[in-house]
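> Encoded as structure tokens, here's the structure I'll be asking about.
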Amino acid sequence: MVLLIIGAVMTLYMGDVKVRRAGEILDPVLNMELSEGDTVITGSGAKAEIMEKDSSVIVLNENTTFTIVEEETRRRFFLSWGSVWAKVKKLAGWNFQIESPVTVAGVRGTEFFVCFTDDSSQVGVVEGKVDVLDKKEGRHYLLDKMKPVSYTHLRAHETSLHLVCRLLLE
């Protein structure tokens, strides 16, 4: 079976996952098409995967609220809470951004993740480069591929979301 992807589709979901569309809360179905304005919400222990028409993949980890802001001419998403990992295909003319309340991460052809909790964002680059805008300071930062970092000092005080961010960083 060949899956023809017109826009974004939910290719995987596990646990408590919901889609908010035009004020309604929907249970997802495999290969459910997602449109501008749709919000995917994952509960505790849940996970969801979204595939874009160019085969780029976005994985939503547990306790995440993620909205498709714009899909037609460029791909823009809003991370209200939680953490996502994305592997973005390189395509000329396409723009890919994940915005949180305090940062905007924009890429072309890379693999990265964004975590947002308690007015704080973390962006990590697995492959490629990510342009990050700090919305509070109005400054841009170009992030390269990460070097391994140990976060053992955080473990005594971290929440489950901090644990996800730490595991993504390690």
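> Please count how many residues of region 7-43 are in a loop (DSSP other than H, G, I, E, B) and under 17 Å from the mean Cα position of the chain (by Cα).
Of region 7-43, the ones in a loop (DSSP other than H, G, I, E, B) are 7, 15-16, 22-23, 27-31, 35-38, 43.
After this cut, where a residue has to be under 17 Å from the mean Cα position of the chain (by Cα) as well, the list is 7, 35-38, 43.
Looking only at that region, the number is 6.
> Working only within region 56-74, note down all residues that are modelled with pLDDT of 85 or more and open to solvent by 10 Å² or more (accessible area, probe 1.4 Å).
Answer for region 56-74, where residues must be modelled with pLDDT of 85 or more and open to solvent by 10 Å² or more (accessible area, probe 1.4 Å): V57, V59, N61, E62, N63, T65, T67, V69.
> In addition: Yes or no: H140 open to solvent by 50 Å² or more (accessible area, probe 1.4 Å), of a type outside the set (D, E, K, R) and at pLDDT below 80? Don't jump to the end; show me each part of the working.
Values: open to solvent by 50 Å² or more (accessible area, probe 1.4 Å): yes; of a type outside the set (D, E, K, R): yes; at pLDDT below 80: no.
Taking the combined requirement at face value, the residue does not satisfy it.
> Could you please give the count of residues in region 7-53 that are open to solvent by 70 Å² or more (accessible area, probe 1.4 Å), closer than 20 Å to F96 by Cα and not basic (K, R)?
Total satisfying the criteria: 2.
> Name the single residue, out of those in region 88-102 being closer than 16 Å to M51 by Cα and buried (at least 17 other Cβ atoms within 10 Å of the Cβ), that is modelled with the lowest pLDDT.
W94
> Now for a different question. Are there any pairs with C-beta distances below 9 angstrom linking a residue in region 122-151 that is under 15 Å from G106 (Cβ atoms) and basic (K, R) to a residue that is open to solvent by 100 Å² or more (accessible area, probe 1.4 Å) and modelled with pLDDT of 80 or more, with the two at least 6 apart or on different chains, and if so which?
From residues that are under 15 Å from G106 (Cβ atoms) and basic (K, R), the pairs are K129/L142.
Listed here are the residues, each with its yes/no results for (1) surrounded by 13 or more Cβ atoms within 10 Å (Cβ to Cβ); (2) at pLDDT 80 or above; (3) touching a Leu at 6+ places or on another chain (Cβ under 7 Å).
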residue	(1), (2), (3)
R76	yes, yes, no
A86	yes, yes, no
V104	yes, yes, yes
T110	yes, no, no
T117	yes, no, yes
L167	no, no, no
E170	no, no, no
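The values are calculated or read from the model by the stated rules, or taken from the named source; none is laboratory data. Here the structure is a predicted model, which is why all the values come from computation and not from measurement. Methodologically, a virtual Cβ is constructed for each residue, glycine included, from the backbone with ideal geometry; neighbour enumeration extends over all protein chains shown. For the accessible areas, the whole protein counts, side chains as well, though only heavy atoms, and no ligand, DNA or RNA atoms are used. Shrake-Rupley method; radii C 1.70, N 1.55, O 1.52, S 1.80 Å.
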